[in-house]
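Beneath this line is the structure, given in structure tokens, with notes to follow.
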Amino acid sequence: MLSRAYRFELNSSRVPVGEPLLEITGVSLRFGGIRALADVSFTVRQGDVHSVIGPNGAGKSSLLNCASGLYKPQDGHITLHTRTEDGVAKTHDLVALPPHRIARQGVARSFQNIELFGHLSLLDNLMLGRHIHMKHRLLPSLAWFGPARNQEFRHREFVEEVIDLLQLQAYRHSHVGALAYGIQKRVELGRALCIEPGLLLLDEPMAGMNAEEKEDMARYILDVNELRGVTVMLIEHDMGVVMDISDRVSVLDFGKLIGDGTAAEVRADPAVVEAYLGADA
Amino acid sequence: MSAQGSVTTMPRLLAERAAERPQGVALQEKLYGIWQPITWEEYAERVRDIAHGLASLGVRRGEIVAVIGDNRPEWLISELAAQSLGAAVVGIYPTSLDEEIVHILEQSRARVVIAEDQEQVDKLLKVRPLLPQVEQVAYYDPHGLEEYADEWLADFEDLAARGRDWAVDRPGWFEQEVSLGQPDDIAVVCTTSGTTSLPKLGQLTHHNLLSMAEHLTSVDPLGPKDRFVSFLPLAWIGEQMMAVACGLLRGFTLSFPEDAATQRSDMREIGPNVMFSPPRIWESMLSEVQVRIDEAGWLKRRVFGLAYSVGDKVASRRVSGRGAGLLLGILALLADWTALRPVRDQLGLARVRRCYTGGAPLGPDVFRFFHAIGVNLKQIYGQTEICGIAVLHHSNDVRFHTVGVPLPETELRIADDGEILLRSSSVFVGYVGNEAATSETVDAEGWLHTGDAGYLEDGHLVVIDRAKDVLTAPDGTRFSSAFIENKLKFSPYVEEAVAFGTADITAMITIDPATVGSWAEHERLGYTTYTDLAGNDRVAELLTQEVHRANAELPDSIRVKHFLVLFKQLDPDDDEITRTRKVRRSVINERYAELIDALDRGDDRVSMTNTVTYQDGTSAKRAITLNIHHLEGYVPPQHSKQRPVWSGRR
């Protein structure tokens, strides 16, 4: 009889809880004359849900794009800490790495505007998330033979656990493009989890959702963080959700970091209140 | 056929099945996208471990173990484990809330509760102070429970491991306990549906259940090759009767769907041979077909319409035991091949040889629909106190307005006041700790007083309604509100209907959000919430037409005069409807008294204050105004542009 407990680890980071996982130091990003980010520094620690908030155009997505390698900041460093299997600490400067190498270091992300393969099934989309872990040679793969086949079975088992975690069973064989928006967002989260992230970057995972869908998504993010130990850095607009689920919050305004601390600290910070929450909040 | 049902127990049957076909599949559950089989041998092995585990916790003969959760193999394993050591099992509906859970656990004095997952464990933790007698809770879905460091909680796997350790010094203990079990031991405690108050706990013995299974399967044989999908709550007698009693007696495979959302597709994959569901399942299948046919192109609608009328003709001959004849037979084959079989397949009924409805009355029109598309649907009549079944239709002798004839060895009598009385070996032994109620229900001669009014029509039983719900029309005819309600509910747009009144018949209707929603979409009607949709004028117009149509099929004296559309669905959490979805009239009468009075007076509108209780316990008051719609003098629009709704109506 199959046990109901999960067999696979989702979190691939071996950094001990509470230690720095991602250090952002003096990051500046300019598009021509526009300064999207100006000397931003803060640290994401292993095991946290770390939210980045700020008004529209504050540079939140730009920062996430720098971390995942889509943008290259002109100044500053983004340092990812990892541990090898024997516990030897290593650092990687993400600014110098191309996006696919960053993904190989365990940085997974979802996008604000859903970037799934609409004509593939949910299963195929999630299996694609496993792609960086597949090590097959061309011939056995083409022939669907031996090790390539077994390997795919193993990855499918992994994917099935993610489907179970996010309760996507009913949509397994549906074309993703035809699914409801809220479900597609969940599939995006699922695909990012299939990478076995050390750090999960979520760009507005709840944008455009109704209250109930937001609540569900918040629940899934907490499950991923609390039960599966994955460090989450997320951008979100809904202050209620942010304050509820975040261990730490960083506030950006016009590309500058104007606040950084626990949810309670940030809420009490006068500069933050004025810039973002509104003077009367 | 052997009469083993009356002299054995369920744990003994399990041992026999495991010895006969150790590698046969007893249970299968869809998990991670695959049907994961559990053989009879593994099943028996798991039951033994858990039985030892329960014994190590001090559970003894005569006690009751409670299980709360959805249908999973572990539910049955827990049940059989408890029965193996002479204890009984009581199931709690997974949707039950605090008061109900506490009531059942207090009544049954359960010391061990098997809970499914975090959701159920959280509910139990919340009421823990009220449950001093509960010593241990074991859960079988550990997700999210890893962090709960509490001695009160234990993992099901750990319980099994503990059982294995406990058994090391006690070889032969399990076999001895099983052989000590007597057919007259209490096996299952089932909650009565409780349309009137908190549920009572009816005790059923192995003999009660197995003799029922014996009688049922002598009418409708079942065998090891049959398939059954278990998706209705195991706390319900209907599921106990099919999945557990018949399942063990005849040794067929039970399949458990992956998730509530995948039930339909999983059922279609399995293609069960036999099914037993309450009317709401059949009603929702019918609505689904109605909506999908309605949304199909003209060609498909035309083909289905033709095939349906052929199927209907054949069905009306078949149910009275006549053949179709040559010409109609050929047409029927064609109809089946082009339209009816695909519809059955879509519903997951392609392989069904017979299926049952019971628990509440099913409208004759819904009944007729299933026969027309070639599904051998039969009515079952019974109640928890007689193992769920006492009367049923025999194949080829189905009358849509009756509930059939008594099972073998079941006596049926109509008392002088019209109450239905039943007597058989399946009549229960009494309610837990409620002698008074027991003696009211079963008299000294062993007759079960059902509380239903009915009459016999050449051997077939016709049930009117609960005796106290039978109404008398101004012209003196006795009728049941369920009769009117079922006519209304045949509309795909109506989810629930409650009829009131003796002078003027009035009704309160709740809309089906799925069908009305898709209608609104089709009509390009914007809406936000259920309340908004239900209050829409165009929806009111649509429902007025539906009620008008239902009225055409009702005798003059009991036609619906006024109705209103309720602003919310009836919800078991608000006590308005039972967990098995029977309307609690007493609650409705009290809560909506203002509405009912206004309906009676025939007002045009009515206001009431509604108190909403949120899940976190806070509540809010809102004033709501509802329009009352009148049917008197109503003329449906002649040349309306609305597409006609295909509904199989004759």
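The values are calculated or read from the model by the stated rules, or taken from the named source; none is laboratory data. It should be emphasised that the depicted structure is a prediction, and the values quoted were computed from it without experimental measurement. As a convention, Cβ positions derive from the backbone with ideal geometry for all residues, glycine included, and neighbour counts pool all protein chains shown.
A quick yes/no check of all residues on (1) at pLDDT 90 or above; (2) of a type in the set (Gly, Ala, Ser):
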position	(1), (2)
B:Val462	no, no
B:Arg478	no, no
B:Ser491	no, yes
B:Ala503	no, yes
B:Ile509	yes, no
B:Ala514	no, yes
B:Trp519	no, no
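Scanning segment B:47-87 for residues that are within 14 Å of chain A (Cβ to nearest Cβ) and in a loop (DSSP other than H, G, I, E, B) yields B:Gly69, B:Asp70, B:Arg72. Out of segment B:292-324, which residues are exposed (fewer than 13 other Cβ atoms within 10 Å of the Cβ) and under 29 Å from the mean Cα position of the chain (by Cα)? Answer for segment B:292-324, where residues must be exposed (fewer than 13 other Cβ atoms within 10 Å of the Cβ) and under 29 Å from the mean Cα position of the chain (by Cα): B:Ser320, B:Gly321. When A:Leu168, A:Leu222 are checked against the criterion of being touching a strand residue (DSSP E or B) at 6+ places or on another chain (Cβ under 8 Å), within 14 Å of chain B (Cβ to nearest Cβ) and modelled with pLDDT of 90 or more, A:Leu222 stands alone in meeting it. Within segment B:325-337, can you find the residues that are of a type outside the set (Gly, Ala, Ser) and loosely packed, with under 15 Cβ neighbours inside 10 Å? Within segment B:325-337, B:Leu326, B:Leu327, B:Ile330, B:Leu333, B:Leu334, B:Trp337 qualify. Kindly indicate the residue of segment A:137-165 that is buried (at least 16 other Cβ atoms within 10 Å of the Cβ) and hydrophobic (A, V, I, L, M, F, W, C) and also farthest from the other protein chains (Cβ to nearest Cβ) among those meeting that condition. Of everything passing the filter in segment A:137-165, A:Ala148 is farthest from the other protein chains (Cβ to nearest Cβ). Residues in segment B:141-154 that are under 30 Å from the mean Cα position of the chain (by Cα) and closer than 18 Å to B:Leu105 by Cβ: there are none. Within segment B:394-408, is even one residue in contact with a Phe, Trp or Tyr (Cβ under 7 Å, 6 or more places away or on another chain), in a strand (DSSP E or B) and within 25 Å of B:Thr438 (Cα to Cα)? No - not one qualifying residue is present in segment B:394-408. Counting only helices (runs of 4 or more DSSP H) that fall entirely inside segment A:172-281 and contain at least 2 residues that are surrounded by fewer than 20 Cβ atoms within 10 Å (Cβ to Cβ) and over 22 Å from the mean Cα position of the chain (by Cα), the qualifying elements are A:263-268.
Any residue at all in segment B:14-22 that's within 14 Å of another protein chain (Cβ to nearest Cβ) and over 25 Å from the mean Cα position of the chain (by Cα)? Scanning segment B:14-22 turns up no residue that is within 14 Å of another protein chain (Cβ to nearest Cβ) and over 25 Å from the mean Cα position of the chain (by Cα).
Scanning segment B:431-472 for residues that are under 27 Å from B:Val189 (Cβ atoms), among the aliphatic types (A, V, I, L, M) and not in a loop (DSSP other than H, G, I, E, B) returns B:Ala436, B:Ala437, B:Val442, B:Leu448, B:Val463, B:Ala467.
If A:Pro99 passes every condition in (1) surrounded by fewer than 16 Cβ atoms within 10 Å (Cβ to Cβ); (2) within 30 Å of A:Val266 (Cα to Cα) but one, which one does it miss? Result: A:Pro99 passes all but (2). With respect to (1) farther than 21 Å from B:Tyr43 by Cβ; (2) within 14 Å of chain A (Cβ to nearest Cβ); (3) out of contact with any helix residue (DSSP H, G or I) (no Cβ under 9 Å at 6 or more places or on another chain), the lone exception for B:Glu157 is condition (1).
State all residues of segment B:117-142 that are away from chain A (no Cβ under 12 Å) and part of a loop (DSSP other than H, G, I, E, B); if no residue qualifies, say none. The answer is B:Val127, B:Leu131, B:Pro132, B:Gln133, B:Val134, B:Glu135. The number of residues in segment B:23-46 being assigned to a loop (DSSP other than H, G, I, E, B), over 27 Å from the mean Cα position of the chain (by Cα) and either closer than 20 Å to B:Asp155 by Cα or within 14 Å of chain A (Cβ to nearest Cβ) (or both) comes to 1.
The number of residues in segment B:143-153 that are modelled with pLDDT of 90 or more and within 14 Å of chain A (Cβ to nearest Cβ) comes to 0. The set of residues in segment B:246-280 being part of a helix (DSSP H, G or I), of a type outside the set (D, E, K, R), more than 14 Å from every other protein chain (Cβ to nearest Cβ) and touching a helix residue (DSSP H, G or I) at 6+ places or on another chain (Cβ under 9 Å) consists of B:Cys246, B:Gly247, B:Leu248, B:Leu249, B:Pro279.
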